[in-house]
Amino acid sequence: MQGFGGVLGEAVGLIARWDPALVEIVGLSLRVTLTSVALACLIGLPLGAVTGAFRFPGRLPLAVLLNALMGLPPVVVGLTVYLLLSASGPLGPLRLLYTPTAMIVAQTILVTPIVAALTRQVTEDLMGEYAEQFASMQVGPLDRVGALLWDARFALITVALAGFGRAVAEVGAVLIVGGNINHVTRVMTTSIALETSKGNLQLALALGVVLLGLALLVNALAMTVRLSAARAANV
Amino acid sequence: MPALRARGLVYATGGRRLVDGVDLDIAAGQCTVILGPNGAGKSLLLRLLHGLIRPSAGRVTRAGGREAMVFQRPVMLRRSVRSNLRFALGVAGFTGAARRARIDEGLQLAGLAALARRPARLLSGGEQQRLAMARALVTDPAVLFLDEPSASLDPAATLAVESLVRAARARGVTVVLVTHDAGQARRLGDRAVFLQAGRVAEAGPAAELLNAPRSAPAQAWLDGRLYVPRDTEYRDGRKD
Ligand SMILES: Nc1ncnc2c1ncn2[C@@H]1O[C@H](COP(=O)(O)OP(=O)(O)OP(=O)(O)O)[C@@H](O)[C@H]1O
Ligand SMILES: [Mg+2]
């Protein structure tokens, strides 16, 4: 049994020489997560902005629902997507189970409520400020949503980063629908779980270090965005 | 036909009639100043006339045309000075070269050409007020509502705003102006309305109302006294 220091040394070595297995796993993780976050933004930004910008019947229940869905347990999402995509499920013929696409679907479902709920919050606050001015100018619905999204852009970048943070570190859903198949659906979190149980601690720890680095990077970016927002008086 | 006609206008909330039965004609192409103490309901009346809030009773009929308002506390969009003008023009249907020309014109009007790229929320209070004024004017409104547009301006900027109002008025824009400045009311007003506790205490030609007010509230206001209804009127801190 190697000491922690030894394992850490070898892990850093793997990272330093761009170990192909490591690079492949990190690459797939980023591909799956970034695609999911992009899709979640595509759906969640307009959905959240519309919920924040207009008063319509059912707006409050929708807001509560979005907030509740932010805390969706990943394993439940994984299980649901699994049932939908499994051979006997309604989407079985698409043969998507155990593919990166299945993982993207699961993560999009996890991240969309986060993006939508936070976007609603941000745009609703901004709308409170703009409401009379917009009413006076007779701003149409499309212009209204567009202006809110644009004027809240700094906060919304932070929202997307939060979604990324959640998706990249998530393990339950992608494990169920991806299956952690070597060269196909192995991402950072599922590999860490598997390699640790196999005793391949160097690779597990190397992936852990990369994951930690990503978390730091995301937070540094969020901080940068906040500082630029403050400089632009966009707070 | 007046630009705006209010009949039996009431705005009540929380059991209080904040605007309490206002009948008013706003003459087209003229400048009507609305005067009255703090809390008289001037801002509410402006909102009712502009159609931003719905009256509890009564109604406003309008001759038509675009309306624009400069609020007591101007709302700056979270973008540059230039983009604030651009947005207002876009919403009003201006595009392309016409819009660009009007943006430049607005920057000149507001005296903000040098600050065009600055985030609007970083402007000083007075600069924001001028931008709000320009943002309203560039869209060529038929009716312009101004709620204390020079309350936070220095004398030079106040003169600049007043010349903007005069220029608009000369172009035939109907102006409805709330002000606490009797001098400004004299300089700009064609007609004047004095509001007290949500009611019109007096209305008429501005020169008359300001030089020879007939109503007790308007007299008290012009003398710089606090008007208190008759049975509880105080003078020099003592009850009569
Ligand atoms: N939305 C509201 N709900 C309840 N009360 C309100 C509301 N808006 C205004 N009021 C009250 O109505 C009264 C008139 O308000 P308004 O803003 O019209 O006064 P004003 O004449 O413009 O005063 P000022 O000179 O201070 O601007 C005030 O007593 C104010 O507190
Ligand atoms: Mg007011």
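At a glance:
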| quantity | calculated |
| --- | --- |
| For residues of B:45-57, the mean tally of beta carbons on other chains within 10 Å | 1 |
| Average partner coverage of B:122-129, which counts Cβ from other chains inside 10 Å | 1 |
| Convex hull per residue volume in Å³, alpha carbons only, for region A:23-234 | 126 Å³ |
| Sum of side-chain charges, A:N234 neighbourhood, beta-carbon under 9 Å (Lys, Arg +1; Asp, Glu -1) | +4 |
| Region A:187-210-region B:73-143 distance, computed between alpha-carbon centres (Å) | 56 Å |
| A:Y98 accessible area, assembled protein chains, probe 1.4 Å, Å² | 90 Å² |
| A:W150 accessible area, assembled protein chains, probe 1.4 Å, Å² | 140 Å² |
| Ranked order, B:H180, B:H50 - accessible area, probe 1.4 Å, largest first | B:H180, B:H50 |
| For region A:23-234: accessible area per residue (Å², 1.4 Å) | 46 Å² |
| Cut-off 12 Å between beta-carbons: net charge of the residues surrounding B:G204, Lys and Arg +1, Asp and Glu -1 | -2 |
| FRET E, pair A:D143, B:N211, Förster distance 56 Å, beta-carbon r, rounded to 0.05 | 0.75 |
| Probe 1.4 Å, all protein chains present, accessible-area order of B:V22, A:V23, largest first | A:V23, B:V22 |
| Positive dipole terminus of the protein assembly as shown, leading residue within A:P57, A:Y98, B:L46 (C-beta point charges) | B:L46 |
| Accessible area, probe 1.4 Å, largest first, for residues A:V76, B:V161 | A:V76, B:V161 |
| Percent RCO, i.e. relative contact order, over region B:146-215, from Cα pairs under 8 Å lying at least 6 residues apart | 24 percent |
| Gap separating the Cα centres of region B:190-220 and region B:16-41, nearest whole Å | 10 Å |
| Accessible surface buried once A binds B (1.4 Å probe; total of both sides; Å²) | 1800 Å² |
| Peptide ranges A:58-64, B:192-198 listed from the most packed, as the mean C-beta count within 10 angstrom indicates | B:192-198, A:58-64 |
| Overall dimensions of the protein assembly as shown by Cα: Rg and Dmax, Å | 31.1, 101 |
| Net charge of neighbours whose Cβ lies under 13 Å from the Cβ of A:L60, counting Lys and Arg as +1 and Asp and Glu as -1 | +2 |
| Value of D in µm² per second that Stokes-Einstein yields for region B:105-150, Kirkwood Rh from Cα pairs, at 10 °C (1.306 mPa s) | 144 µm²/s |
| Packing-based order for B:114-121, A:212-219, using average beta carbon neighbours within 10 Å, highest first | B:114-121, A:212-219 |
| Rounded if a/c under 1.5, otherwise prolate or oblate - region B:52-139, Cα gyration tensor axes | oblate |
| Relative contact order %, chain A, counting alpha carbon pairs below 8 Å whose residues are six or more apart | 31 percent |
| Mean ellipticity per residue at 222 nm, deg cm²/dmol - from DSSP H runs of n ≥ 4 across chain A, formula -39500 (n - 2.57) | -26500 deg cm²/dmol |
| Cα centroid separation, region A:1-54 to region A:147-166 (Å) | 18 Å |
| Shielded by partner chains, region A:130-171 residues - at least 40 Å² of accessible area, 1.4 Å probe, vs chain alone | A:Y130, A:E132, A:Q133, A:S136, A:M137, A:D151 |
| Relative contact order (%) - chain B, alpha-carbon pairs under 8 angstrom, separation at least six | 25 percent |
| Chain B, accessible surface, carbon-and-sulfur percent (1.4 angstrom probe) | 47 percent |
| For region B:1-140: accessible area per residue (Å², 1.4 Å) | 43 Å² |
| Accessible surface of chain A, 1.4 Å probe, proportion on carbon and sulfur as whole % | 73 percent |
| For A:V187, solvent-accessible area (1.4 Å; no DNA, RNA or ligand), Å² | 10 Å² |
| log10 of Debye I(q)/I(0), alpha-carbon scatterers only, for region A:128-201 at 0.27 Å⁻¹ | -1.15 |
| CD proxy at 222 nm, helix term only [per DSSP H run n ≥ 4: -39500 (n - 2.57); per residue of chain B; nearest 500] | -10500 deg cm²/dmol |
| Nearest-0.05 FRET efficiency for A:L34 and A:V76, computed from C-beta distance (R0 30 Å) | 0.80 |
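The values are calculated or read from the model by the stated rules, or taken from the named source; none is laboratory data. Here the structure is a predicted model, which means the values were calculated and not measured. Don't worry about glycine lacking a Cβ; one is built from the backbone with ideal geometry, like all the others, and counts go over all protein chains shown. Side chains included, ligands, DNA and RNA excluded: accessible areas come from the protein's heavy atoms. Shrake-Rupley method; radii C 1.70, N 1.55, O 1.52, S 1.80 Å.
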